[in-house]
1. Identify all residues within the stretch 52-63 that are open to solvent by 10 Å² or more (accessible area, probe 1.4 Å) and out of contact with any Lys or Arg (no Cβ under 9 Å at 6 or more places or on another chain); write none if there are none.
2. Has the stretch 318-332 got at least one residue that is of a type in the set (D, E, K, R), part of a loop (DSSP other than H, G, I, E, B) and out of contact with any His (no Cβ under 8 Å at 6 or more places or on another chain)?
3. For the stretch 606-659, please list each of the strands (runs of 3 or more DSSP E) lying entirely inside it that holds at least 3 residues being open to solvent by less than 40 Å² (accessible area, probe 1.4 Å) and β-branched (Val, Ile, Thr).
4. When the residues of the stretch 570-596 are filtered to those that are out of contact with any Phe, Trp or Tyr (no Cβ under 7 Å at 6 or more places or on another chain) and buried (at least 21 other Cβ atoms within 10 Å of the Cβ), which remaining residue is nearest to Ala530 (Cα to Cα)?
5. Of all residues in the stretch 818-864, count the ones that are modelled with pLDDT under 95 and either basic (Lys, Arg) or in contact with a helix residue (DSSP H, G or I) (Cβ under 8 Å, 6 or more places away or on another chain) (or both).
6. In the stretch 714-755, which residue that is polar (S, T, N, Q) and on the phi > 0 side of the Ramachandran plot is nearest to the chain's Cα centre (by Cα)?
7. Given the conditions (1) in a strand (DSSP E or B); (2) surrounded by 24 or more Cβ atoms within 10 Å (Cβ to Cβ), which single one is not true for Gln818?
8. Of everything in the stretch 678-697, what is assigned to a loop (DSSP other than H, G, I, E, B) and under 31 Å from the mean Cα position of the chain (by Cα)? Give them in sequence order.
Amino acid sequence: MRFSKSLWCGFLFACVSVAFTGARAQVPTPVSVLGHTPGDDFYLADYEDAVRYFHAAAAATDRMKMFSIGKTTEGREIEIGVISSPANLARLDEYKKNARRLAVADNLTDEQARQLAHDSKVIVHIDGGLHSDEVAGGQHSIMLAYKLLSAKNDPEVDAILDNVILVLWPTLNPDGQDMVTHWYRQNVGTKYEVAPMPWLYQDYVGHDNNRDGYMLNMKESQVLVKAELDWSPEIFYCQHQTAPFPARIWIPPFADPISSNISPYVRSWLNVVGTNMTAYLDAHQMPGAISETRFDNWYAGFNDWVHVFRNEISFFTETGLYRYATPRFYTVNEFPKETQDLRALSMYSEPWEGGWWRIGDAVNYMIGGSMSVLDLAAKNHETLLFNRYQAARDNIAHYKKEGPFAYVISDKQADTPEAGLLAQKMIENGLKVYATKTGFAANGVTYPVGSWVIPMDQPFSGLVKELFERQRYPDEIELGTSKAVDLPYDVTGWTLPLQMGVAVDTVSDPLTTQQLGLMEPVEDAKVPAAEIAGGGDVFVISRRPNASYAVVNEVLKQGGSVAMSKDAIATPEGKERGAFVIRGLGRGAMDGVAKKYGVSVAALTAEPGNVIAIKKARVGLYRPWAPSIDEGWTRWILENYGFEPKSIYNADMRSSELHARYDVIVLPDMSRDQLMEGFHVGMVPGQYAGGIGPDGVDNLRAFVREGGMLVASNRTAANLIPLMSLPLKDVLEGVKSDKFFCSGALLRVEQQSAELPVNFGVPEAPVVMFQRGPAFVPEAGFQGAILAKYAKGTNPLESGLLLHPEAIEDKAAAVELQYGKGRIVLYGFKPEFRGQAHGTYRYLFNALYLFDQPELPVVKVPAAPAPEHVAATAKATVEEPDEY
């Protein structure tokens with residue numbers, strides 16, 4: 001039998017339609033794959049469940065494709081599902097390429113860009129969140145996939161599938177989703193059903209996985225930014241779960257302030273997305289949406305925000321939930337008093353009236369939020385794509401006419417490997433970086449070959465400016481007004497060159513044709529090759545590069561010996577006190593270590609005089625069951641530099657003879673309750689209850705008196721003053737925010753006691769990250785030394801917000817005390833801050849070696865002057881961050 005061409009085509013279409021309908025009909029329900037429906041009371045799907053469902057759904061439909069894009073810290077495969085119409089998925093590579101061209105304004109005229117936007121599909125990123133104890137997000141991803149894949153004859157879904165390509169992440173933190181889910185499963189039905197998990201829900205960083213957006217220290221952050229650069233989504237939406245009670249979901253617009261380095265297109269769309277979402281939820285009988293209150297996005301390092309500097313409409317929402325999948329009933333009399341009248345506000349238009357609240361409710365609100373975003377994207381896909389192009393086009397044009405025109409990072413610095421790392425971080429964030437050739441000069445300075453240039457006339461350069469310039473918080477807070485102002489809850493200054501101790505020059509004139517000809521693009525910021533200069537088998541390295549500590553630890557591991565010079569001696573980086581002197585390694589072995597870490601070496605025929613031998617210390621790091629993010633960061637850094645810290649848990653701390661097991665104990669930043677009390681009995685299973693307690697404090701006293709070194713930072717440093725009866729005063733203890741406030745800013749300190757080994761290699765005026773820490777004044781009986789202090793008569797602020805700097809004027813920022821045969825080093829700041837403060841790592845590292853030290857002198861302490869009255873300027877409405 002023969003068919004006409006038209007009849008044959010009609011038959012094929014009918015068959016294909018039947019096949020498609022069949023495929024859609026066969027999309028499995030989550031319960032058929034998992035045995036439960038995500039959103040059920042007392043049930044949580046883990047990451048493996050989510051991926052299993054995604055694969056089962058993708059195998060049954062032509063609307064979804066699966067991609068594996070990297071590995072987690074614990075080695076899990078990170079997988080994403082891409083959902084769209086079959087026609088769009090067939091042209092996926094083409095649409096990705098178009099999205100990239102528009103995102104970077106790649107050789108396009110406006111007319112060409114309009115046509116490309118017309119012909120393309122908008123790519124939207126939605127994920128299940130990254131804070132894994134906020135459990136509803138990961139459940140929402142499964143249910144959102146099912147909703148989109150199983151819908152039939154649904155005009156809203158059909159329009160989304162036709163115009164949007166959804167990149168759906170089950171979660172941004174697979175390891176954490178498994179940890180939290182498994183913890184809940186083992187406790188559900190017991191008295192510990194809603195107990196907090198006693199370890200960080202992402203290895204090393206926990207809650208700070210959302211503070212790694214530009215530094216990209218964690219593998220998960222690295223995978224995320226690579227995916228964003230690969231897929232070029234116009235919208236990035238991350239689910240969170242901490243709505244201001246009693247609101248059920250927090251939605252943009254954000255509270256002020258907001259950075260001016262963000263494209264106005266992005267800033268406007270953030271408001272549109274948020275107000276549209278509120279209207280969508282109201283239309284679907286989901287009351288309780290609130291905006292602006294509490295959440296600003298001033299800090300640039302949020303993983304769900306940093307993409308705005310690449311012109312993505314990047315944001316989060318915060319949905320309310322009790323704990324895990326356990327339901328709770330709320331009455332109005334439990335609401336804050338000011339909300340009990342259920343009065344509507346302009347940014348809280350339909351108040352929630354209380355009642356049962358279940359994980360299923362949170363999942364539904366999250367699906368509603370996601371659907372509102374997808375619906376908005378489908379209806380405005382062409383405008384969104386063209387606006388992305390306009391943002392890139394306008395940014396390039398702006399920095400061709402106005403400065404800064406470029407930043408230059410010399411490859412000859414006190415810490416050249418850190419300079420290279422800073423340039424590399426810009427490359428990883430999607431910036432174009434160039435290396436200089438012979439003769440490149442700017443601002444009257446000729447730069448060494450291989451220095452790095454970051455031109456500003458590129459699409460994502462707003463991120464460079466955001467990271468390299470000094471942050472200045474809005475004047476209405478800094479200068480003080482009669483208006484009550486909410487204070488920031490996160491850090492307000494983060495200037496990377498200051499944090500990393502790297503000199504960066506701003507180019508104030510447009511780059512000329514000659515300059516451009518002396519630059520070549522690089523994909524990796526390679527530092528100059530390390531070399532050994534001179535003859536002999538005694539090797540000298542500077543301790544100015546952080547990498548020198550990794551060299552020392554490697555040398556000690558290989559059986560070499562290390563000393564440090566008490567006098568200033570010549571190193572490849574210039575003359576300095578405290579240089580490392582290495583013996584016992586052959587030239588070949590030394591060359592291998594030097595090249596591995598990028599640290600140059602001077603070879604001598606004889607060892608310099610007046611040196612102090614050092615040995616590798618047994619380093620213990622206190623790791624509380626009420627987990628400390630600062631402990632995780634500290635552990636990550638020490639492991640990376642070869643210090644091999646051993647975790648000390650409560651039971652270890654409460655047992656005697658600490659000195660028999662450790663030479664140095666590091667106590668990371670935490671509250672007093674976290675240190676001493678931990679989780680209360682009955683709150684968690686017994687083995688996780690408590691802190692170090694009085695026994696732990698007694699053992700720490702004995703440890704130091706017997707010759708141990710105790711190192712503490714920030715709040716823990718302040719806590720040790722009364723706990724160990726130290727002759728110090730924290731002048732900020734109990735001070736309210738109307739007398740002093742600093743939620744996180746970069747402050748300059750003056751080095752003191754440069755002759756002490758703990759200060760070797762530290763610059764004369766380093767910049768430190770101060771974040772709600774102490775400031776010290778010695779009291780009678782003080783035996784020790786001030787290591788760093790805030791200047792007298794000078795505001796120490798370099799970047800961020802600092803209210804009432806006079807409160808810390810001429811006060812100590814770091815001290816070292818003699819305590820029996822041992823030492824206590826207290827830092828009133830965070831020397832390891834979020835793996836970013838590379839410029840102050842030496843403060844921590846210098847205390848982690850064994851060496852002979854003379855006893856510190858008793859210091860005569862003058863009588864303290866009476867405190868002066870300080871006027872109030874701002875109202876504190878922010879709580880201390882909760883690391884539990």
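1. Arg52, His55, Ala56, Ala59
2. Taking the stretch 318-332 as the starting set, the residues that turn out to be of a type in the set (D, E, K, R) are 318, 323, 328.
So of that shortlist, the ones also part of a loop (DSSP other than H, G, I, E, B) come out as none.
No - not one qualifying residue is present in the stretch 318-332.
3. On the way: elements: 611-616, 619-622, 646-648.
No strands (runs of 3 or more DSSP E) qualify here.
4. Out of the qualifying residues, it is Ala594.
5. The initial filter retains those residues of the stretch 818-864 that are modelled with pLDDT under 95, namely 850-864.
Applying the additional criterion that residues be either basic (Lys, Arg) or in contact with a helix residue (DSSP H, G or I) (Cβ under 8 Å, 6 or more places away or on another chain) (or both) yields 851, 853, 860.
Result for the stretch 818-864: 3.
6. So the first thing to find is which residues in the stretch 714-755 are polar (S, T, N, Q), and the list is 714, 716, 719, 725, 737, 743, 751-753.
Keeping just the survivors that are on the phi > 0 side of the Ramachandran plot gives 714, 725, 753.
Working: Asn714: 19, Ser725: 35, Ser753: 33 Å.
Ranking the candidates gives Asn714 first.
7. Among (1) in a strand (DSSP E or B); (2) surrounded by 24 or more Cβ atoms within 10 Å (Cβ to Cβ), the lone unmet condition for Gln818 is (2).
8. First, the residues of the stretch 678-697 that are assigned to a loop (DSSP other than H, G, I, E, B): 678, 680, 682-683, 685, 691-692.
Once the filter is applied, which keeps residues that are assigned to a loop (DSSP other than H, G, I, E, B) and under 31 Å from the mean Cα position of the chain (by Cα), the stretch 678-697 yields Gly678, His680, Met683, Pro685, Gly691, Ile692.
The values are calculated or read from the model by the stated rules, or taken from the named source; none is laboratory data. Please read all numbers here as calculations on a predicted model, not as lab measurements. Using ideal geometry, Cβ is built from the backbone for each residue, glycine included, and neighbour counts are taken over all protein chains shown. Heads up: the accessible areas ignore ligands, DNA and RNA and are worked out on the full protein's heavy atoms, side chains in. Shrake-Rupley method; radii C 1.70, N 1.55, O 1.52, S 1.80 Å.
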